[in-house]
Amino acid sequence: MDTIKNKIEELKEKLNEWGYAYYVLDSPMVDDAEYDKYYRELQSLEQEYPDLITSDSPTQRVGGIILDKFEKYQHKTPMLSLANAFNEKDLRDFDNQIYKEIKNKIYNFFVEPKIDGLSISLIYNNGTFVKAVTRGDGFFGEDVTTNVKTIKSIPLVISDKNDYVEIRGEVFLSKKEFEKINQKRLEIGEPLFANPRNAAAGTLRQLDSNVAASRNLDAYLYYFLNHEIVSTHSESLDYISKMKFKVNELGKLCQNIDEVIKHIQFISEQRMNLNYEIDGVVIKVNDFNLYEALGYTSKFPKWAIAYKFPAEIKTTRLLDIFASVGRTGRITYNAVLEPVELAGTKVQAATLHNADFIKQRDIRIGSIVKVKKAGDIIPEILEPIKNEDFESLDVWQESNQCPECNSVLERVESEVDQYCINTSCPRKILRSMEHFVSRDAMNIEGLSIKILEKLFNNGYLKNISDIYFLKKHKEKIIELDKMGTKSVENLLDAIEKSKSNSAEKLFFGLGIRHVGKKTAQVLLKNFKSIYELRKIEYEVLENIYDIGPTIAKSIIDWFDNKDNDKLLMQLEKCEVNFNYNGLSETNFNENISNKSFVITGTLSQPRNHFKKILEDYGAKVIESVSKKTDYVLAGIEAGSKLEKAIKLGVKVINEEDLLSMLGE
Ligand code: IVH
C-alpha cells in the first residue's frame, strides 16, 4: 500500500510541477502526450484506491458537479470597487490627496494592468483551497468553488498553512480561448459571446462545472488580504507568486506619480500584444500600513485608483433617428446605424439622449457620425463628421408630439428632457406595467411586454392594479391567440404568488421617480410598511442615510397624488402585501432591531459594511445625530457627530461593543 501511495505522490508532484510550468509560467516542460500518460496512470490508480485521492490531485479539477443554484456567501471583508481616473490630472489629484492625508510619511505606488474579467476571492484554510466567491454586491457574493476548481493556474494546496488566507484576483479568458469558444459556438449555431469578459462571466456562472472545465478559464491574483504576514503590496505579490499563483508580469513599483504616468504609458503600449484583455491600469499605494490612514469611501478604497483607457471610437452612417417613450413619459432619441464593429461587438443602434443633444451637435440623418462604446455601456454618438456631403443634408427637427399617443410634449423646468404628460398614453402605461412585473419589482414571470400589450389591447389591462383582476377573465384570456390553458394558469399563479412579496418589491415596482431598488429596500427596512411610509414627513425622510432631498420630495409628491392613492387602495383591496417581510426572526436583536444608529469616524471596515449589518438586524442608520438617536457607532477620529452625541447624552459605542451586542 505504501508503495502505491508513494507512486501516487510522485505522479501528483510531477503533474503539478508540469501544470504550473504550463499554466502559470507559460513555459511547458513536457509535451501533451507525456503529460496525458502520467495523468491517466494517476487516474487509474486513484480509481483503484479512492481513499488515496487528495485535494491537490490534478484529477480533482475535472468538473463533474452540477449545482441547483449558487449559495450566497458573505465576504469577511467587503469586495470594493475602484474609483476611476481618466487623465493625468485625475492621477495627480489622487496623488495630492494621498500626500495631504498622510502628511509627512513617505509612500510609493504599485502600478499593474487592470484585467478585464471578473473579480474573485479565494479562501484557503490550513493550506487547502476551500472556497471561491464572486464579488456580487460587494458584501454578498456567490460561491463558485466548483467552477474555480477547474482553473488550472489556481493552486489547490498552498505552502502558507495559516487557518485563514484570502487572496483576490481576476478570472478571465484569454483572447485565444475566447476565439476558440466562439468558433465552436458558431459551428453548433449558438449565439456568440460579445467579448472575452462576457464569455468568462457566462462560464463562471454555469451551474454545470463541466462547462467551466472545458473552457480553460485563467486567473491573475492581485490582492493578498493577510496583512499580518506581509506589509507591502509588492512583497505580497512576491509572496503569492512563490506560492505558485499567477501574478501579472507587467506590475512595477514606482517611486512617484511621474513614474506612475510613465509606466501607465508603457502598459498602454503593450495592450495590443497581450493575450488577455485589459481595460486600464490600477495604481495602488504600496504600503499596507497606510491603508487604514487613507481609509475608504462607501464604495472605494482611497489607497487605489483605476486609470481607464479611453473608449474606442469609430465612424459609421446614421440611417435614422427615432423617439421612444419610457414609463415616466420621458422621450429618448435613438439612432439607427449602419452596423459597425466596436469594442468587440456589432453596433447598429446608439443613444442620442434628448433633442438638445442632437441639435447642439447638429447631428443629421444620413451623416457620418463618431460612435463611442466604453465597456458594457450603451453606445453613444459623439458628433457628425462635417464633410462635403454634410451641408446637403436636412437639419434635424425635433417633434413636439409623443411618438405613441401624439399628445403635445412638455419640458420640465430645469430639465433638458421632453415628457409625454398624457396619463393615458398607452406606451407609458405599458412600460410602467413592464417595470411593475419585472424581476426586481413584483417578479411576475410570464408577463412579457408582448403579453402585456396583448392584454392591454384587448381591454383586460388598463392600469397596474388590473393585473390582479386578470383571474376574472381567465377563460377569455385562454382564448386569446396562442395563450394556452397551462400558460395562463401559470401566469395567474405567478400573479397570486406576487401578492405576498415583501413590500420593498411593490414599492420599487410603483415606479416612483428616483426610487430605485436599493432606495426601496432602505425605506422598507426602516419603516416596515407602505402604510408607515405614507405617514412620514419630508424632514424625516430626507435624514435617512442614502435618501436626500430629491428622493424625499419625489416620494412625498407621489403619495400626494390622488391617482396614486387610488392605485394603492385598489392594490390593498386585492390583498397585495404592504408590509416588509425581510426581517426573519433569527435576525431580531433586542439591542439593535428598530433602533437608530449614526456611524462616524474611521472603522476597520468601510461604513457600508456596518450599515448593512445593522440594517440586516432591522436598525435604522441615519446621517445626523439628534436626541432621538439610540446609538452612535464611532471609529477613529470621529469629529463633530461624536461631540454632538456626547453633548446630547446619546450612547456612544465602538466596534467591539457592537460585536458584543451582536453576541460575537
Ligand atoms: S485591486 C479594493 N487590481 O477592477 C481594490 N482590481 O474597477 C481591489 N481589477 O473590482 C481591486 N485588475 O475586479 C485590482 N490589478 C487589479 C485589477 C483589479 C482588474 C478589477 C477588480 C475590481 C475592478 C475595479
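Could you check L447 against (1) more than 31 Å from the chain's Cα centre (by Cα); (2) farther than 30 Å from S399 by Cβ and say which number it fails?
(1)
Looking for whichever is farther than 25 Å from P606 by Cβ and in contact (Cβ under 8 Å) with a residue 40 or more places away in the chain here; the options are P155, P78. Which one fits? Before the answer, list the steps.
Working: P78 fails: farther than 25 Å from P606 by Cβ.
Only one candidate passes the filter, namely P155.
What pairs can you find where one residue is in the range 124-150 and touching a residue at least 24 places away in the same chain (Cβ under 8 Å) and open to solvent by 10 Å² or more (accessible area, probe 1.4 Å), the other is small (G, A, S) and away from the ligand (no atom under 15 Å from the Cβ), and their Cβ atoms are less than 6 Å apart, with a gap of 6+ or different chains?
T128/S55; T146/S209
Identify, by number, the condition in (1) touching a residue at least 60 places away in the same chain (Cβ under 8 Å); (2) under 28 Å from the mean Cα position of the chain (by Cα); (3) under 30 Å from E17 (Cα atoms) that K244 doesn't meet.
If we test K244 against (1) touching a residue at least 60 places away in the same chain (Cβ under 8 Å); (2) under 28 Å from the mean Cα position of the chain (by Cα); (3) under 30 Å from E17 (Cα atoms), just (2) comes out false.
Where residues in the range 268-284 are more than 20 Å from L173 (Cβ to Cβ) and touching a residue at least 24 places away in the same chain (Cβ under 8 Å), which of them is nearest to the ligand (Cβ to nearest atom)? Can you show your working first?
Pass one, the range 268-284, residues more than 20 Å from L173 (Cβ to Cβ): 268-269, 281, 283-284.
Subsequent filtering for residues that are touching a residue at least 24 places away in the same chain (Cβ under 8 Å) retains 268, 281, 283-284.
Working: S268: 15, V281: 8, I283: 9, K284: 7 Å.
Of everything passing the filter in the range 268-284, K284 is nearest to the ligand (Cβ to nearest atom).
For the range 265-284, give me each residue that is of a type outside the set (D, E, K, R), in contact with a His (Cβ under 8 Å, 6 or more places away or on another chain) and open to solvent by 10 Å² or more (accessible area, probe 1.4 Å). First the steps, then the outcome.
Here is the first cut: in the range 265-284, the ones of a type outside the set (D, E, K, R) are 265-268, 270, 272-276, 278, 280-283.
Those left that are additionally in contact with a His (Cβ under 8 Å, 6 or more places away or on another chain): 281.
Of everything in the range 265-284, nothing turns out to be of a type outside the set (D, E, K, R), in contact with a His (Cβ under 8 Å, 6 or more places away or on another chain) and open to solvent by 10 Å² or more (accessible area, probe 1.4 Å).
Which of the numbered conditions does F597 fail, given that it passes all the others? Conditions: (1) farther than 23 Å from G138 by Cα; (2) modelled with pLDDT of 90 or more; (3) among the aromatic types (F, W, Y).
Looking at each condition in turn, F597 falls short on (1).
If T351 satisfies all but one of (1) open to solvent by less than 70 Å² (accessible area, probe 1.4 Å); (2) more than 25 Å from V325 (Cβ to Cβ), what's the number of the condition it fails?
Result: T351 passes all but (2).
Give me a count of the residues in the range 500-516 that are modelled with pLDDT of 95 or more and either surrounded by fewer than 20 Cβ atoms within 10 Å (Cβ to Cβ) or not in a helix (DSSP H, G or I) (or both).
Counting residues in the range 500-516 that are modelled with pLDDT of 95 or more and either surrounded by fewer than 20 Cβ atoms within 10 Å (Cβ to Cβ) or not in a helix (DSSP H, G or I) (or both) gives 1.
When you look at L225, is it touching a residue at least 12 places away in the same chain (Cβ under 8 Å) and within 13 Å of the ligand (Cβ to nearest atom), yes or no?
Working: touching a residue at least 12 places away in the same chain (Cβ under 8 Å): yes; within 13 Å of the ligand (Cβ to nearest atom): yes.
Here the answer is yes, as L225 does meet what is asked.
Within the set of pairs 6+ apart or on separate chains, which have a first residue in the range 300-311 that is without any contact (Cβ under 8 Å) to a residue 12 or more places away in the chain, a second that is within 7 Å of the ligand (Cβ to nearest atom) and part of a loop (DSSP other than H, G, I, E, B), and C-beta atoms under 8 Å apart?
From the range 300-311, no pairs qualify.
Is one or more of the residues making up the range 313-325 surrounded by fewer than 17 Cβ atoms within 10 Å (Cβ to Cβ), of a type in the set (G, A, S) and touching a strand residue (DSSP E or B) at 6+ places or on another chain (Cβ under 8 Å)?
Within the range 313-325, the first condition is being surrounded by fewer than 17 Cβ atoms within 10 Å (Cβ to Cβ), and the residues that meet it are 313-315, 317, 319-320, 322, 324.
When the remaining residues are screened for being of a type in the set (G, A, S), the result is 324.
This time we only want the ones that are touching a strand residue (DSSP E or B) at 6+ places or on another chain (Cβ under 8 Å), so: 324.
Scanning the range 313-325, I find at least one residue that is surrounded by fewer than 17 Cβ atoms within 10 Å (Cβ to Cβ), of a type in the set (G, A, S) and touching a strand residue (DSSP E or B) at 6+ places or on another chain (Cβ under 8 Å), so the answer is yes.
Restricting to the range 418-442, name every residue that is among the basic types (K, R) and either assigned to a strand (DSSP E or B) or closer than 24 Å to D493 by Cβ (or both). Give the derivation first.
The first filter runs over the range 418-442 and keeps only residues among the basic types (K, R), leaving 427-428, 431, 439.
Residue satisfying the conditions is R439 alone.
Which members of the range 92-123 meet the condition of being open to solvent by 50 Å² or more (accessible area, probe 1.4 Å) and basic (K, R)? Full working, then the answer.
Of the range 92-123, the ones open to solvent by 50 Å² or more (accessible area, probe 1.4 Å) are 92-93, 96-97, 99-101, 103-106.
Matches in the range 92-123: R92, K100, K103, K105.
Can you name the residue in the range 289-317 that is out of contact with any Lys or Arg (no Cβ under 8 Å at 6 or more places or on another chain) and at pLDDT 95 or above and, of all such residues, is nearest to the ligand (Cβ to nearest atom)?
It comes out as I305.
Given the conditions (1) part of a strand (DSSP E or B); (2) more than 30 Å from V395 (Cα to Cα), report the number of the one that R317 does not fulfil.
Exception for R317: condition (2).
Does at least one position in the range 470-489 carry a residue that is touching a residue at least 24 places away in the same chain (Cβ under 8 Å), open to solvent by 40 Å² or more (accessible area, probe 1.4 Å) and within 18 Å of K573 (Cα to Cα)?
Scanning the range 470-489 turns up at least one residue that is touching a residue at least 24 places away in the same chain (Cβ under 8 Å), open to solvent by 40 Å² or more (accessible area, probe 1.4 Å) and within 18 Å of K573 (Cα to Cα).
Given the range 71-180, what strands (runs of 3 or more DSSP E) lie entirely inside it while holding 1 or more residues that are over 17 Å from N248 (Cβ atoms) and away from the ligand (no atom under 16 Å from the Cβ)? Steps first, answer last, please.
On the way: elements: 72-74, 109-115, 118-125, 128-134, 140-142, 165-172.
Fully inside the range 71-180 and qualifying: 72-74, 118-125, 128-134, 165-172.
Only one of (1) free of Cβ contacts under 8 Å to residues at least 60 places away in the same chain; (2) of a type in the set (D, E); (3) crowded, with 17+ Cβ neighbours inside 10 Å is not met by D287, so which one is it?
Evaluating D287 over (1) free of Cβ contacts under 8 Å to residues at least 60 places away in the same chain; (2) of a type in the set (D, E); (3) crowded, with 17+ Cβ neighbours inside 10 Å leaves (1) as the failure.
Scan the range 29-40 and tell me whether some residue there is outside any helix (DSSP H, G or I), away from the ligand (no atom under 16 Å from the Cβ) and either touching a residue at least 60 places away in the same chain (Cβ under 8 Å) or open to solvent by 90 Å² or more (accessible area, probe 1.4 Å) (or both). Before the answer, list the steps.
If we filter the range 29-40 for residues that are outside any helix (DSSP H, G or I), which is where we start, we get 29-31.
Cutting the leftovers down to away from the ligand (no atom under 16 Å from the Cβ) gives us 29-31.
So of that shortlist, the ones also either touching a residue at least 60 places away in the same chain (Cβ under 8 Å) or open to solvent by 90 Å² or more (accessible area, probe 1.4 Å) (or both) come out as 29, 31.
Yes, the range 29-40 contains at least one residue that is outside any helix (DSSP H, G or I), away from the ligand (no atom under 16 Å from the Cβ) and either touching a residue at least 60 places away in the same chain (Cβ under 8 Å) or open to solvent by 90 Å² or more (accessible area, probe 1.4 Å) (or both).
For the condition in a loop (DSSP other than H, G, I, E, B), out of contact with any Lys or Arg (no Cβ under 8 Å at 6 or more places or on another chain) and open to solvent by 70 Å² or more (accessible area, probe 1.4 Å), what is the one hit in E445, E415?
Details: E415 fails: open to solvent by 70 Å² or more (accessible area, probe 1.4 Å).
Among E445, E415, only E445 is in a loop (DSSP other than H, G, I, E, B), out of contact with any Lys or Arg (no Cβ under 8 Å at 6 or more places or on another chain) and open to solvent by 70 Å² or more (accessible area, probe 1.4 Å).
Within the range 517-540, can you find the residues that are more than 20 Å from the chain's Cα centre (by Cα), among the β-branched types (V, I, T) and buried (at least 17 other Cβ atoms within 10 Å of the Cβ)? If you could, list the steps in order and put the result at the bottom.
Our first condition is that a residue be more than 20 Å from the chain's Cα centre (by Cα); within the range 517-540, this holds for 523-540.
Checking which are among the β-branched types (V, I, T) leaves us with 530, 536, 540.
Those that are more than 20 Å from the chain's Cα centre (by Cα), among the β-branched types (V, I, T) and buried (at least 17 other Cβ atoms within 10 Å of the Cβ): I530, I536.
Going through T519, T550 one at a time, which residue ends up being farther than 22 Å from R439 by Cα, part of a helix (DSSP H, G or I) and not basic (K, R)? Write out each step before concluding.
Numbers: T519 fails: farther than 22 Å from R439 by Cα.
When all the criteria are applied, what remains is T550.
With the requirement that a residue be farther than 16 Å from I115 by Cα and modelled with pLDDT of 90 or more, what does the range 186-203 give you? So that I can check it myself, show each step before the final result.
Kept after step one, since they are farther than 16 Å from I115 by Cα, are these residues of the range 186-203: 186-194, 202-203.
Once the filter is applied, which keeps residues that are farther than 16 Å from I115 by Cα and modelled with pLDDT of 90 or more, the range 186-203 yields G202, T203.
Out of curiosity, is K262 within 21 Å of V148 (Cβ to Cβ), modelled with pLDDT of 95 or more and open to solvent by 30 Å² or more (accessible area, probe 1.4 Å)? Walk me through it before giving the result.
Working: within 21 Å of V148 (Cβ to Cβ): no; modelled with pLDDT of 95 or more: yes; open to solvent by 30 Å² or more (accessible area, probe 1.4 Å): yes.
Judged against the criteria, K262 is not a match.
Find the helices (runs of 4 or more DSSP H) located wholly in the range 563-664 whose residues include 2 or more that are under 28 Å from the mean Cα position of the chain (by Cα), on the phi < 0 side of the Ramachandran plot and of a type in the set (A, V, I, L, M, F, W, C), and list them. Give the derivation first.
Numbers: elements: 607-616, 640-648, 655-661.
It comes to 607-616.
Where the second residue is part of a loop (DSSP other than H, G, I, E, B) and modelled with pLDDT of 95 or more and the first is over 12 Å from L506 (Cβ atoms) and among the hydroxyl-bearing types (S, T, Y) and lies in the range 572-583, which pairs have Cβ atoms under 8 Å and are six or more apart or on separate chains?
If the second residue must be part of a loop (DSSP other than H, G, I, E, B) and modelled with pLDDT of 95 or more, no pairs are left.
The values are calculated or read from the model by the stated rules, or taken from the named source; none is laboratory data. Everything numeric in this text was worked out from a predicted model, so none of it was measured. Here Cβ is always computed from backbone atoms with ideal geometry, including for glycine, and neighbour counts include all displayed protein chains. All accessible areas refer to the heavy atoms of the entire protein, side chains included, with ligands and DNA or RNA removed. Shrake-Rupley method; radii C 1.70, N 1.55, O 1.52, S 1.80 Å.
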